[in-house]
Amino acid sequence: MKYEAVIGLEIHCELKTKTKIFCGCATEFGAAQNTHVCPVCLGMPGVLPTINRRVVEFGIKAGLATNCAINQYSKFDRKNYYYPDLPKNWQTSQYDLPIAEHGWVDIEVEGEKKRIRLTRIHMEEDAGKLVHSGTTIKDSTSSNVDYNRTGVPLLEIVSEPDMRSAAEARAYMEKIKAIMEYIDVSSCRMEEGNLRADINVSLRPVGSEELGTRTEMKNINSFKSLEEAINYEIERQTEVLEDGGHIIQETRTFDPVRGVTLSMRSKENAHDYRYMPEPDLPPIVTAPETIEKYRRELPELPDARRERLEKECGLSAYDAGVITASRAMAEYFDKVTATGAEAKLAANWIMSDLAKNLNAEGITIEKSPVGAERLGQMILLIMKNTISGKIAKTVFQEMWTNPASPEQIVNDKGLVQITDTGAIEKIVDEVIANNPKAVADFQGGNKKAIGALVGQVMKASKGKANPQMVNKLIAEKLG
Amino acid sequence: MKVSKEILANVAGLSRLAIAEEETTRYQEDLTKFLAYVETLNEVATENTPPTTYALPMENVFREDDVRPSLDREAALLNAPLKEDGYFKVPKVLED
Ligand SMILES: [Zn+2]
């Protein structure tokens with residue numbers, strides 16, 4: 001039998017507010033353990049939490065940016081469970097009246113567009129961090145708890161089970177990440193756990209409408225792990241079903257080192273969270289005018305920006321997709337083209353040399369030693385024929401460690417392109433004299449042989465001769 | 001509704017309460033009485049009353065996103081029965 005995968009994602013997105021969701025403790029990452037805590041987030045008896053206004057604003061904006069309906073009447077609820085990362089023994093979350101519902105985003109995988117529906121977006125508090133004494137939770141005799149993260153605001157973005165492959169799930173998560181970055185509600189740094197996903201995967205025979213038994217993998221915090229976990233789980237479940245077995249509904253952990261998922265706990269007695277309305281937090285009532293005000297404040301979103309780069313800048317769909325996948329890259333691109341640099345050249349430089357250097361050093365585009373302005377100036381030098389595209393690569397590498405202007409670097413290093421016909425002609429004459437075989441080939445009708453001659457001239461000029469002029473001169477001389 | 005032995009055991013488990021065997025009958029009876037008492041609310045005519053989730057006439061109580069001082073770590077850990085290196089220390093965590 002042929003099976004198809006049914007995949008749904010619950011994405012947790014940490015919001016970039018200055019303070020926690022219900023108290024004034026700072027949310028800043030990396031503080032010493034238990035220094036960002038107060039009676040409210042430690043769950044002391046008798047305290048009164050108060051909702052951070054920004055969290056509601058961010059929740060509504062996230063809903064609007066993902067085509068959700070905003071609930072004008074929304075409230076918080078208590079989700080009860082016992083785990084030491086929650087000092088209150090409940091997580092303040094939202095149950096039946098989340099801030100936003102019924103949205104969608106469009107994704108594209110291998111040129112095919114697909115709409116992924118969002119079930120809901122709700123606001124909740126993050127839990128603390130456990131440090132276990134052993135290597136895993138099972139062989140630890142005790143755990144240490146840091147409550148700094150407790151109460152950091154989260155949005156939980158729940159999709160419908162609309163994805164059918166790891167690639168679709170990745171594209172969906174990338175789209176959510178891009179949207180949250182664009183509307184500036186989260187830093188979306190996955191390595192810091194700002195953005196993490198719980199994945200549900202089940203299989204069903206192709207053509208069937210019924211959902212199979214699903215397994216869940218929690219806290220996946222990289223795109224690579226997301227794809228690997230899903231692919232492994234699809235393979236594992238296929239084998240179980242083909243052997244005539246049954247899938248057990250359970251939570252599995254993904255081990256990124258071995259690339260496998262392992263059974264963690266079975267969900268046979270499903271958690272009874274005993275949700276109840278939070279009596280300490282009055283409901284959130286949002287007037288339609290307020291919702292419209294937030295809608296007007298939304299910036300240009302990734303899909304619109306991508307379309308603009310395709311239509312107005314003439315970028316290919318692929319290039320526009322890569323450039324707009326991150327807000328920082330899209331803004332960098334806009335700053336490069338603002339210098340007058342040609343859009344296609346700008347896209348090429350960002351996606352090749354710049355991206356390569358950033359990856360090699362593991363830094364983000366915001367921290368690039370070559371800023372957008374300087375890259376723009378360098379591209380202008382190419383456009384003015386001051387340097388060739390090939391020399392530009394040398395200039396770019398130099399710019400990476402040298403803060404001087406590209407013009408300065410080109411002058412200091414003597415990299416200005418030779419456009420003086422006399423100087424080029426001299427080199428061309430030498431190359432023709434020294435390469436009789438290539439000359440004979442070319443004159444004998446093998447037009448491709450000109451490539452070897454051009455190459456020799458470029459080499460002799462240390463890459464500084466203008467290649468178009470070299471081509472033209474050789475063709476003239478041998479024509 | 002009569003609270004059965006199974007319901008009592010489940011509720012006690014969810015509340016992390018250990019109930020001795022000889023106490024079960026008494027707790028079953030007490031809880032059944034509580035529920036019966038609450039059920040009197042069903043006699044109120046509510047056909048024309050919109051449902052509510054909050055008892056007080058309040059809404060939109062917010063604070064601005066301004067940082068306020070947190071507790072000193074010493075103070076935060078003062079009441080912790082176990083602590084270690086500035087952490088709250090908890091015994092082995094067991095999943096249900
Ligand atoms: Zn606090």
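The values are calculated or read from the model by the stated rules, or taken from the named source; none is laboratory data. Keep in mind it's a predicted model, so treat the numbers as computed, not measured. Please note: Cβ atoms are built from the backbone with ideal geometry, for glycine as well, and neighbour counts cover all protein chains shown. Heavy atoms of the whole protein, side chains included, go into the accessibility calculation; ligands, DNA and RNA do not. Shrake-Rupley method; radii C 1.70, N 1.55, O 1.52, S 1.80 Å.
Looking at the range A:8-30, which of its residues are more than 8 Å from the ligand (Cβ to nearest atom), over 30 Å from A:I199 (Cβ atoms) and in a loop (DSSP other than H, G, I, E, B)?
A:K18
Taking B:L82 as the residue in question, decide whether it is at pLDDT 95 or above and within 11 Å of chain A (Cβ to nearest Cβ).
No.
If you check A:L226 against the conditions, is it assigned to a strand (DSSP E or B), open to solvent by less than 50 Å² (accessible area, probe 1.4 Å), in contact with a helix residue (DSSP H, G or I) (Cβ under 7 Å, 6 or more places away or on another chain) and touching a residue at least 60 places away in the same chain (Cβ under 8 Å)?
So A:L226 does not fit the description; no.
Identify the residue in the range B:63-79 that is within 13 Å of the ligand (Cβ to nearest atom) and hydrophobic (A, V, I, L, M, F, W, C) and, among all such residues, is nearest to A:M44 (Cα to Cα).
Checking each candidate, the answer is B:A76.
Assuming B:N10 fulfils every condition listed in (1) of a type in the set (S, T, N, Q); (2) free of Cβ contacts under 8 Å to residues at least 24 places away in the same chain; (3) more than 10 Å from chain A (Cβ to nearest Cβ) apart from one, which condition is it?
If we test B:N10 against (1) of a type in the set (S, T, N, Q); (2) free of Cβ contacts under 8 Å to residues at least 24 places away in the same chain; (3) more than 10 Å from chain A (Cβ to nearest Cβ), just (3) comes out false.
Would you tally the residues in the range A:33-50 being within 8 Å of another protein chain (Cβ to nearest Cβ), in contact with a Lys or Arg (Cβ under 7 Å, 6 or more places away or on another chain) and surrounded by fewer than 21 Cβ atoms within 10 Å (Cβ to Cβ)?
Residues meeting the conditions: 2.
Do you know which residues across the range B:57-67 are over 15 Å from A:S74 (Cβ atoms) and facing chain A (nearest Cβ under 7 Å)?
B:R63, B:E64, B:D65, B:D66, B:V67
Starting from the range A:325-338, take each residue that is of a type in the set (A, V, I, L, M, F, W, C) and list its partners that are at pLDDT below 90 and open to solvent by 60 Å² or more (accessible area, probe 1.4 Å), counting only C-beta distances under 6 angstrom and pairs at least six apart or across chains.
none
Against the definition (more than 30 Å from the chain's Cα centre (by Cα) and either within 16 Å of the ligand (Cβ to nearest atom) or assigned by TED's automatic domain parsing to the domain that holds A:S202 (or both)), how does A:P98 come out, yes or no?
Judged against the criteria, A:P98 is not a match.
Specify the residue that is farthest from the chain's Cα centre (by Cα); the eligible residues are those in the range A:151-189 that are hydroxyl-bearing (S, T, Y) and within 24 Å of A:G63 (Cα to Cα).
A:S159
Whether any residue in the range A:84-106 is closer than 25 Å to B:Y54 by Cβ, open to solvent by 50 Å² or more (accessible area, probe 1.4 Å) and more than 14 Å from every other protein chain (Cβ to nearest Cβ) is what I want to check.
Yes; the residues of the range A:84-106 include at least one that is closer than 25 Å to B:Y54 by Cβ, open to solvent by 50 Å² or more (accessible area, probe 1.4 Å) and more than 14 Å from every other protein chain (Cβ to nearest Cβ).
Tell me which of these A:H132 doesn't satisfy, since it passes every other one: (1) within 14 Å of chain B (Cβ to nearest Cβ); (2) buried (at least 21 other Cβ atoms within 10 Å of the Cβ); (3) farther than 30 Å from A:I363 by Cβ.
Looking at each condition in turn, A:H132 falls short on (2).
Going through B:T32, B:T53 one at a time, which residue ends up being surrounded by 13 or more Cβ atoms within 10 Å (Cβ to Cβ), within 14 Å of chain A (Cβ to nearest Cβ) and either touching an Asp or Glu at 6+ places or on another chain (Cβ under 7 Å) or of a type in the set (S, T, Y) (or both)?
Being surrounded by 13 or more Cβ atoms within 10 Å (Cβ to Cβ), within 14 Å of chain A (Cβ to nearest Cβ) and either touching an Asp or Glu at 6+ places or on another chain (Cβ under 7 Å) or of a type in the set (S, T, Y) (or both) holds for just one of B:T32, B:T53, which is B:T53.
Checking A:N71 against (1) under 27 Å from A:I116 (Cα atoms); (2) within 10 Å of another protein chain (Cβ to nearest Cβ); (3) surrounded by 19 or more Cβ atoms within 10 Å (Cβ to Cβ), which single condition isn't satisfied?
Result: A:N71 fails condition (2) only.
Among the helices (runs of 4 or more DSSP H) confined wholly to the range A:234-352, which include 1 or more residues that are of a type in the set (D, E), away from chain B (no Cβ under 14 Å) and open to solvent by 50 Å² or more (accessible area, probe 1.4 Å)?
A:288-297, A:302-313, A:327-338
Is one or more of the residues making up the range A:107-126 away from chain B (no Cβ under 14 Å), open to solvent by 50 Å² or more (accessible area, probe 1.4 Å) and of a type in the set (A, V, I, L, M, F, W, C)?
No, because not a single residue in the range A:107-126 is away from chain B (no Cβ under 14 Å), open to solvent by 50 Å² or more (accessible area, probe 1.4 Å) and of a type in the set (A, V, I, L, M, F, W, C).
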